[in-house]
Amino acid sequence: MTRGRIRAKLRRSHLYTFGCLKPSTTEEAPHPLQGPGFSRTVYCNQPLLHDKRPLLYCKNDISTTKYNVITFFPKALFEQFRRVANIYFLLAACLSASPISPFSPLSMIAPLAFVVGLSMAKEALEDSRRFVQDVKVNRRKVNRHKGDGIFGPRSWQNIMVGDVVKVNKDQFFPADLLLLSSSYEDGICYVETMNLDGETNLKVKRSLEATMTLDNDEVFKDFTGTIQCEDPNPNLYTFVGNLDYECQIYPLDPSQILLRDSKLRNTDYIYGVAIFTGHDSKVMQNSTKSPSKRSTIEKKMDYIIYTLFTVLILISVISSIGFIFKTKYQAPKWWYLRPDNIEYQYDPNKVGVAGMSHLITALILYGYLIPISLYVSIEVVKVLQATFINQDIQMYDEETGTPADARTSNLNEELGQVDTILSDKTGTLTCNQMDFLKCSIAGTAYGVRSSEIEVAAAKQMASDHEDQESDLSNFPMPKSKARISWDNVRKAEEIELETVVTSKGDEDQKHAIKGFGFEDDRLMNCNWLQEPNADDLLMFFRILAVCHTAIPELNEETGVYTYEAESPDEGAFLVAAREFGFEFCRRTQSSIFIHERFSASRKVVEREYKLLNLLDFTSKRKRMSVIVRDEEGSLFLFCKGADSIIFDRLSKNGKHYLEATTRHLNEYGEAGLRTLALAYRKLDEQEYTAWNNEFQKAKAAVGADRDSMLERVSDMMEKGLILVGATAVEDKLQKGVPQCIDNLAQAGLKIWVLTGDKMETAINIGFACSLLRQGMKQICITTPVSDSVATDVKQGIKDNILNQITNGSQMIKLEKDPHAAFALIIDGKTLTYALEDDMKLLFLGLAVDCASVICCRVSPKQKALLIIGVKFVHDLAR
């Protein structure tokens, strides 16, 4: 049985909110595509129609090279003579060809030709590597419909707009495709977009229901259709178009578009139609031509050349003036120069010509003030450095088999000038591989195992506590930070000791389960039935097992289900539910099936949950919900999301465990764990029916306000929730991160970590990864707590933050120890004020003076502003 059929009869298109699929009502209309920007017409399975005007779309081959055979010589020469030094040497070489030159022209022309020739050869070599990479990409193979329902391999470069292609698992998409169908009957597929946006989480794409049945080669024999859509543009996350298929028009949106250079994952195959090819594809629209890269030193050398050239001209002019004086007044008395047969450059009657000829001679004679040999050495060194980088065995990644690749040697010296490194946390400092570690259910904390960050922070805080106490006494710190007391250190030491003991005694006996690091006998082997709040525990496990968008897959060798989820967190939740006895085993068009175990005898009961609606997770909503009907006919809404979002939607009767859960969430956050809150709501039949009518209307809407309508309708249902508990998963640090950061710090680099975690979590992560080190003095800037929005209150908050920044700057200036290191810790709310125009330069000045900076609870926009600000401050310093 194939992978696709294991999950057969799965059709979630009726459930998803933010996916635009086949019209479920006749009221749904296509997108109004009129005016400029919407002129592209694609004839599906008829690529030859696009070879004629006015269509004549570009081919699918790409080129990222800077030069070609024709443009190389003129463009490369232009690049070389952008350097002021080369222009100077060219002028000197031209002057050396004059009869009054004191040197042979070869002595000036040969070094210049060597420098320019070597640089051009280096450019040609580096560009040839880009060319080879382009050829590899263009010659990749993909199965294309040849006709009569037969597919055969064809190079990417020969794919045309309108071609129907079949992409297999783990292959890249050759062009921007409209998804027609997949190996799943549901018409969904999983896509990895790491090459586009750096995200490792899989994205779900869904075909139109009208094309889901096009799931084998033969059906494309007579397939035709017409796509009317937007013109090529660089917007990765938008798409507007219509598909005219079988006399009906269906609206298209980004959920049906597969972008070039993204990869098909966890799906056997998909069929798609090429819409944008080659340089019309969105990824190529976002790319820029290979820039002419010049290092900072090279740019500074241009200014030095200007200065030296000015000095050279000044010396030559002074020398020429003296020569003119000597020639006019003293040369006639020098009988040995034969005044009756004197050359023009020494003729006292033509002092202007004599002075000019001497000026040229002086410029050539003193020209070695600007040494061309320096440039020869620099070019040779750069080429050798690039070779050493490429051959450095310590920069070879054994896991992926990837060596270092210096794509250009023009910027080698920039590596030694890096001053500040700005990094996020997830996937950079951490592995982005989640393990379910702890949970809080019905106000009770479960899970005794300590996180890696918790242990590392415990070691660091225990060894550094005395220094911290002296630092904190000299600088006002917030209450949250002041809580790092001896009690916390003793607790941390106990955690560390307990972890060491259990790791030696128990871990060898336990089989490691990927995604599950939980240890607590109270919940394992159905022992949770003996707990006082067993009903709440049951609801917690059911929410874990039902509230998701994952697909189960049975490993026939082990008999264990694994899960293909959109995020690693979701996969960890399902593994945890399975280990607790609630195994998600099957999904159909409208149901989720769970194997529930209520005794240690391994006897299971299969329960079916009718999946009525699924409200997707988005970065704006920060939550997801499902509405299900159980076997008893009861309606439930299961919801999981960020604690701040869930807590605001609790009913008065749903806050019974709020205080205890909040306390546990703070503890989990301090341990560096990622947390989510879980809640539910029992629904009334009439209320659900009325809401579902509104929901279906919003889902069937077409236009720019569709998502806002869905969000508004979803928000109406996600209220009055009852809190059940919270989860805590661990995202472990990548191997070698503490040592790497420590080495970078010893080299004098300043390191910033921009994260969305809470301040306590960020501080502990800082200790764990050596961002906060022994003897480092901490400056913590926070916003005073105030719920008022009055102008005078806001001004008071700004004054308070300004005072904290001023005190921090003063603290650094008054520090007498030249080796003292400072760490700045600030949250997103405070950054909002600190990045305002009247305070920005003062804050950034303080930040760049610190060895480490941790910015927590920051938004993507704030991250961008910080990066721009740091670059601005460094440019000012230069």
Checklist entry - Ignoring ligands, DNA and RNA, what percent of the accessible area of the chain is carbon or sulfur (1.4 Å)? => result 55
Checklist outcome for this item: The distance between the Cα centres of the range 530-592 and the range 421-460, in whole Å, is 21
Item to check | Folded to 0 to 90 degrees: helix 791-814 orientation relative to the chain principal axis, Cα | outcome: 50
Item to check | Highest-first arrangement of 380-392, 258-270, 238-250, where packing means the average Cβ count within 10 Å | outcome: 258-270, 238-250, 380-392
Checklist outcome for this item: Computed D for the chain, Stokes-Einstein, Kirkwood radius over alpha-carbon pairs, 25 °C, 0.890 mPa s, to the nearest µm² per second, is 75
Checklist entry - Using the Cβ atoms and a cut-off under 11 Å, what net charge is assigned to the surroundings of residue 375, where Lys and Arg are +1 and Asp and Glu are -1? => result 0
Next on the checklist: If packing is taken as the average number of other Cβ atoms within 10 Å across a peptide's residues, how do 117-124, 848-855 rank, most packed first?
Outcome noted: 848-855, 117-124
Checklist outcome for this item: Between the Cα axis of helix 372-390 and the main Cα principal axis of the chain, the angle (0 to 90°, nearest 10) is 20
Checklist entry - Based on Cα positions only, what radius of gyration and what Dmax would you give for the range 197-310, in angstroms? => result 22.6, 77
Checklist entry - Averaged per residue, what accessible area in Å² does the chain show with a 1.4 Å probe, protein chains only? => result 49
Checklist entry - Among the trypsin sites (Lys or Arg not before Pro) within the range 508-566, which fall in a DSSP loop and have no more than 10 other Cβ atoms within 10 Å of their own Cβ? => result 510
Checklist outcome for this item: The answer for residue 422, listing residues at least 5 apart or on another chain whose modeled amide H is closer than 5 Å to its amide H, is 752
Checklist entry - Ordered by packing density, taken as the mean number of other Cβ atoms within 10 Å over each peptide's residues, highest first, how do 358-368, 415-425 rank? => result 358-368, 415-425
Next on the checklist: If the reach is capped at under 17 angstrom between alpha carbons, list the aspartates and glutamates near residue 221, excluding any in the same chain fewer than eight residues apart.
Outcome noted: 148, 163, 246
Checklist entry - Against the longest alpha carbon principal axis of the chain, how many degrees, from 0 to 90 and to the nearest 10, is the axis of helix 759-768 turned? => result 70
Item to check | 23 Å Cα-Cα threshold exceeded, pairs from 66/861; 622/861; 425/459; 141/514; 293/750; 169/732 | outcome: 66/861; 141/514; 293/750; 169/732
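The values are calculated or read from the model by the stated rules, or taken from the named source; none is laboratory data. Remember, it's a predicted structure, so these values are computed and weren't measured experimentally. For neighbour counting, all protein chains shown are included, and Cβ atoms are generated from backbone atoms with ideal geometry for every residue, glycine included. Remember, those area values only see protein heavy atoms, side chains included, never the ligands or the DNA or RNA. Shrake-Rupley method; radii C 1.70, N 1.55, O 1.52, S 1.80 Å.
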